[in-house]
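Reading through the structure tokens given below for one structure.
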Amino acid sequence: MVRRVLALPAGRLAVGILSVIVLLAILGPTLAPHDPLGTSALTLAGPSWEHWLGTDYLGRDVFSRLLAGSRTSVLGSVEVALIALVVGVVPGILSVYFGQVFEWFTLRIADTLIALPFLIYAVAVTALLGNGIPQAMFTVGVLVSPLFYRVARASTLAVARSQYVEAALISGASIGWIARRHVWGKVLPPVAVALAQTIGIGFVVVSSLSFLGIGVQPPAPTWGGLLASDLGYLSYQPWAPAVPALLIMATVWGSNLLADAIRDVSGEAGRALLNSRRVRARRLDPAEPIPAGGVAP
Amino acid sequence: MAVSTADHAVVADPGAALAAARARRAAGRVLVTLARSVAIFVPVFLVATFLTFALRAISGLSPASIQLGESATPDAVARIEQQWGLDRPFLAQYWSWFTDILHGQLGASWSNGTNIAELISNGLAISLSVVTLALIIGVVFGFGLGTLAAVRRTTWIDRTITGFLTIFSVMPPFVVGIVLVTVFAVGLGWLPAAGYVPASVGTWPWFTHILLPALALSLDPMADVARQLRSGLIASYQENYVTGAIVRGLSPRRIFFRHVLRNGVGPALSVLGWRFPTLIGGSVVTEWIFGLQGFGRFANDSAQAGDVPAVQGVLVVSIVLVVTFNLIVNIVLGRVTPASQRGV
């Protein structure tokens, strides 16, 4: 599947953007030329050779803060996606097999979590539970998990009630073989799409929270926190929010592109798409549906 | 038509009887939609309020720590907790809290004992005017752009619109908010950067103060509505009945409004219902940027102060808003696209 994603231009672009961001997160804190917390007398300076992106209101080097903050921001969104994956996929698959009571309860809980005004709950729960990064990630992860629940449930239902699985069972196939041969391949692509989407969503939420000063302790740099401190000094440095804002947008865009690319190449439709691309130099089909950005059923 | 007049030959005025029957059927359909939606939303409301109430027990916060500080004796803590009724069993507390909510009483704040319902209703006017304006902007422009892109599909207009919508959809509200402040308030000085003026002072000052926050919130629903509408309309343009209508020689305008729009609008409307919670949540951030004392700001402040009843009040109000909005969306959906009622 990785090779097929890379065959699409959009897939290559998405992987390119995301690997730059991941490199930033891994190497950023060690690459930072200055101490991200070290203040100096040079406040609100413009970009120079010494300070590539200028300094903030306390004279701290913005470029170093950006690099140092990348790890928290990126790790946060990955953690959110992984927590949501575990919290969502497991009940999603089990809801098909564990009987109607369990199914009814998990469905109602998933409905509720979708209906909750996300950011308000994230703010409230994180602040009440003690304003730390783990609390924030856990809360946000649980709040996004219905996406995984629905995706996993829908694809498991499709496989479990399909005739070829029945046929395989009748011909004496073992459960493990069916899981490897049929369930795995059917459940994995939608979950991968949801994972890429969730990384984007989680990234927005984590930066929103850090923008509000929730989930981080004040001097520690994050991309959202950088934007928040720029906001007070816009009349001196109107260009200051540009770089963190562009980085946040690029990350979200990269994960959305990746989600679309995985969706495009998975399944029969994806193989047909790739073949038609090879055959035709340019696309003539006028009605290629735009993949929905929000909830994938 | 001929058949139905023959059936009702006894009735003196077949036209009026037919209209009455049609109105009755429409009203019945709305009632059925309403009942079905209520059946979905009552459990949602119950579970959501339960989760909200459980927040206090999970957080382990107590009014004593706010009122007495860290160095309180266990006796004093116990006395205050008894005063607030926190020594009673969990389910008994939940029950009395829940019945209070049904009567519209959200309790008293831990930090100063004021009535939370009053505090929230002060902020709600601000938040609702911003959210409503954001919804109007999002729906109007989303429908306009989506329709334009679908009608002029695969031209440069379509590609430009789709490109801009992609950019809009990856911009979080707080990034949009900062860009808007930088450009329109600091750079050009056209609109105020922060603050709020009630509508009673004057409509124009009120509008200028809520325009930027509403714009910041509106891009997300706008992009979603436009994209869903575009693909919905394009899909219904390919249906056989549209080809049939073209062959019958109906005007493009009539085909669009009677055949395409009614059948293609469903996904766009339901995505609006999904997006509403995000909109309410986004008000926390925009109110922070634009210095509005709305209820998102109130949620943030009271959460950071550890004032649990105030937070619970805000959460309950937001749940009620979301549920009400989704009920409205469902009813509109049932009226516009009857096919969605049959689960097609």
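The values are calculated or read from the model by the stated rules, or taken from the named source; none is laboratory data. Just so it is clear, the model here is predicted, and its values are computed rather than measured. Here Cβ is always computed from backbone atoms with ideal geometry, including for glycine, and neighbour counts include all displayed protein chains. In case anyone asks, the SASA skips ligands and DNA or RNA and just uses the protein heavy atoms, side chains included. Shrake-Rupley method; radii C 1.70, N 1.55, O 1.52, S 1.80 Å.
Is the stretch B:126-136 home to any residue that is open to solvent by 20 Å² or more (accessible area, probe 1.4 Å), part of a loop (DSSP other than H, G, I, E, B) and in contact (Cβ under 8 Å) with a residue 24 or more places away in the chain? No, every residue in the stretch B:126-136 fails to be open to solvent by 20 Å² or more (accessible area, probe 1.4 Å), part of a loop (DSSP other than H, G, I, E, B) and in contact (Cβ under 8 Å) with a residue 24 or more places away in the chain.
Residues checked against (1) open to solvent by less than 60 Å² (accessible area, probe 1.4 Å); (2) within 22 Å of the chain's Cα centre (by Cα); (3) within 20 Å of residue A:229 (Cα to Cα); (4) modelled with pLDDT of 80 or more:
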{"residue": "A:13", "(1), (2), (3), (4)": "no, yes, no, yes"}
{"residue": "A:16", "(1), (2), (3), (4)": "yes, yes, no, yes"}
{"residue": "A:19", "(1), (2), (3), (4)": "yes, yes, no, yes"}
{"residue": "A:24", "(1), (2), (3), (4)": "yes, yes, no, yes"}
{"residue": "A:32", "(1), (2), (3), (4)": "yes, no, yes, no"}
{"residue": "A:37", "(1), (2), (3), (4)": "no, no, yes, no"}
{"residue": "A:40", "(1), (2), (3), (4)": "yes, no, yes, no"}
{"residue": "A:43", "(1), (2), (3), (4)": "no, no, yes, no"}
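Exactly one of these conditions fails for residue A:165: (1) in contact with a helix residue (DSSP H, G or I) (Cβ under 7 Å, 6 or more places away or on another chain); (2) surrounded by fewer than 18 Cβ atoms within 10 Å (Cβ to Cβ). Give me its number. Checking residue A:165 against (1) in contact with a helix residue (DSSP H, G or I) (Cβ under 7 Å, 6 or more places away or on another chain); (2) surrounded by fewer than 18 Cβ atoms within 10 Å (Cβ to Cβ), the one that fails is (2).
Candidates in the stretch A:159-190 are the residues that are over 25 Å from residue A:147 (Cα atoms) and assigned to a loop (DSSP other than H, G, I, E, B); of these, the one that is modelled with the highest pLDDT is A:171. Among the residues making up the stretch B:288-308, those that are more than 8 Å from every other protein chain (Cβ to nearest Cβ), of a type in the set (A, V, I, L, M, F, W, C) and part of a helix (DSSP H, G or I) are B:295, B:298, B:305.
When only residues in the stretch B:29-64 that are assigned to a helix (DSSP H, G or I) and hydroxyl-bearing (Ser, Thr, Tyr) count, which is surrounded by the most Cβ atoms within 10 Å (Cβ to Cβ)?
Keep residues of the stretch B:29-64 that are assigned to a helix (DSSP H, G or I), which gives B:29-59, B:63-64.
In the following step, the residues that additionally are hydroxyl-bearing (Ser, Thr, Tyr) were identified as B:33, B:37, B:49, B:52, B:59.
Numbers: B:33: 20, B:37: 19, B:49: 21, B:52: 24, B:59: 19.
This residue is B:52.
Looking across B:245, B:214, one residue alone is more than 14 Å from chain A (Cβ to nearest Cβ), crowded, with 20+ Cβ neighbours inside 10 Å and on the phi < 0 side of the Ramachandran plot. It is B:214.
Out of A:96, A:89, A:101, A:80, report the one residue that is within 17 Å of the chain's Cα centre (by Cα), more than 11 Å from chain B (Cβ to nearest Cβ) and surrounded by fewer than 23 Cβ atoms within 10 Å (Cβ to Cβ). Outline the logic, then answer.
Working: A:96 fails: within 17 Å of the chain's Cα centre (by Cα); A:101 fails: within 17 Å of the chain's Cα centre (by Cα); A:80 fails: surrounded by fewer than 23 Cβ atoms within 10 Å (Cβ to Cβ).
That would be A:89, the only listed residue that is within 17 Å of the chain's Cα centre (by Cα), more than 11 Å from chain B (Cβ to nearest Cβ) and surrounded by fewer than 23 Cβ atoms within 10 Å (Cβ to Cβ).
Tell me, please, whether a residue that is under 14 Å from residue B:138 (Cα atoms) and assigned to a helix (DSSP H, G or I) can be found in the stretch B:238-245. Break it down into steps so the answer makes sense when it comes.
Taking the stretch B:238-245 as the starting set, the residues that turn out to be under 14 Å from residue B:138 (Cα atoms) are none.
Scanning the stretch B:238-245 turns up no residue that is under 14 Å from residue B:138 (Cα atoms) and assigned to a helix (DSSP H, G or I).
Residues of the stretch B:247-300 being charged (D, E, K, R) and farther than 20 Å from residue B:326 by Cα, which ones?
First, the residues of the stretch B:247-300 that are charged (D, E, K, R): B:248, B:253-254, B:258, B:262, B:275, B:287, B:297.
Once the filter is applied, which keeps residues that are charged (D, E, K, R) and farther than 20 Å from residue B:326 by Cα, the stretch B:247-300 yields B:248, B:253, B:254, B:258, B:287, B:297.
Checked against the criteria, residue A:141 does not count as farther than 18 Å from residue A:262 by Cβ and surrounded by fewer than 17 Cβ atoms within 10 Å (Cβ to Cβ). Which one of these does residue B:153 not meet: (1) within 27 Å of residue A:223 (Cα to Cα); (2) within 14 Å of chain A (Cβ to nearest Cβ); (3) not in a helix (DSSP H, G or I); (4) not polar (S, T, N, Q)? So the condition that residue B:153 fails would be (1).
Take the residues of the stretch A:114-138 that are among the aromatic types (Phe, Trp, Tyr) and within 8 Å of chain B (Cβ to nearest Cβ): which is least open to solvent (accessible area, probe 1.4 Å)? Step through it out loud before you land on a result.
Taking the stretch A:114-138 as the starting set, the residues that turn out to be among the aromatic types (Phe, Trp, Tyr) are A:118, A:121, A:138.
From what's left, within 8 Å of chain B (Cβ to nearest Cβ): A:118, A:121.
Working: A:118: 40, A:121: 11 Å².
Top of the filtered list is A:121.
Residues of the stretch A:192-213 that are away from chain B (no Cβ under 14 Å) and either touching a Lys or Arg at 6+ places or on another chain (Cβ under 6 Å) or surrounded by fewer than 22 Cβ atoms within 10 Å (Cβ to Cβ) (or both): A:192, A:193.
Take the residues in the stretch A:104-113 that are in contact with a Pro (Cβ under 6 Å, 6 or more places away or on another chain) and either under 18 Å from residue B:311 (Cβ atoms) or of a type outside the set (A, V, I, L, M) (or both); name whichever of them is nearest to the other protein chains (Cβ to nearest Cβ). The extreme case among them is A:108. For the stretch B:163-176, filtered to residues that are in a helix (DSSP H, G or I) and at the interface with another protein chain (Cβ under 7 Å from one of its Cβ atoms), the residue that is farthest from the chain's Cα centre (by Cα) is B:175. Taken as a whole, the condition of being in contact (Cβ under 8 Å) with a residue 60 or more places away in the chain and within 30 Å of residue A:229 (Cα to Cα) applies to residue B:307. Checking each residue in the stretch B:79-118 for being assigned to a loop (DSSP other than H, G, I, E, B), of a type in the set (S, T, N, Q) and open to solvent by 30 Å² or more (accessible area, probe 1.4 Å) picks out B:105, B:111, B:112, B:114. Listed conditions (1) modelled with pLDDT under 75; (2) closer than 30 Å to residue A:138 by Cβ are all met by residue A:51, apart from (2). Using the structure shown, decide if residue B:277 is facing chain A (nearest Cβ under 9 Å) and closer than 30 Å to residue B:241 by Cβ. Answer is no for this residue. Taking the criterion of being more than 8 Å from chain B (Cβ to nearest Cβ), surrounded by 20 or more Cβ atoms within 10 Å (Cβ to Cβ) and closer than 14 Å to residue B:170 by Cα, the only residue of the stretch A:217-246 that qualifies is A:244. Return yes or no: is residue B:146 farther than 26 Å from residue B:329 by Cα and either in contact with a His (Cβ under 9 Å, 6 or more places away or on another chain) or modelled with pLDDT of 85 or more (or both)? Answer is no for this residue. Would you check if residue B:293 is open to solvent by 10 Å² or more (accessible area, probe 1.4 Å), more than 18 Å from the chain's Cα centre (by Cα) and more than 17 Å from residue B:129 (Cα to Cα)? So residue B:293 does not fit the description; no.
Each row is one residue, and each column tells you yes or no for (1) open to solvent by 60 Å² or more (accessible area, probe 1.4 Å); (2) more than 25 Å from the chain's Cα centre (by Cα).
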| residue | (1), (2) |
| --- | --- |
| B:120 | no, no |
| B:140 | yes, no |
| B:147 | no, no |
| B:157 | no, yes |
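If you check residue B:140 against the conditions, is it part of a helix (DSSP H, G or I) and within 11 Å of chain A (Cβ to nearest Cβ)? Considered against the rule, which asks whether it is part of a helix (DSSP H, G or I) and within 11 Å of chain A (Cβ to nearest Cβ), residue B:140 comes out as no.
The rows are residues; the columns are (1) of a type in the set (A, V, I, L, M, F, W, C); (2) over 30 Å from residue A:213 (Cβ atoms).
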position: A:83; (1), (2): yes, no
position: A:93; (1), (2): yes, yes
position: A:116; (1), (2): yes, no
position: A:132; (1), (2): no, no
position: A:146; (1), (2): no, no
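Before we move on, is residue B:266 among the small types (Gly, Ala, Ser) and in contact (Cβ under 8 Å) with a residue 12 or more places away in the chain? Criteria met by residue B:266.
The residues on offer are B:316, B:311, B:285, and the sole one that is open to solvent by less than 20 Å² (accessible area, probe 1.4 Å), in a helix (DSSP H, G or I) and more than 10 Å from chain A (Cβ to nearest Cβ) is B:316.
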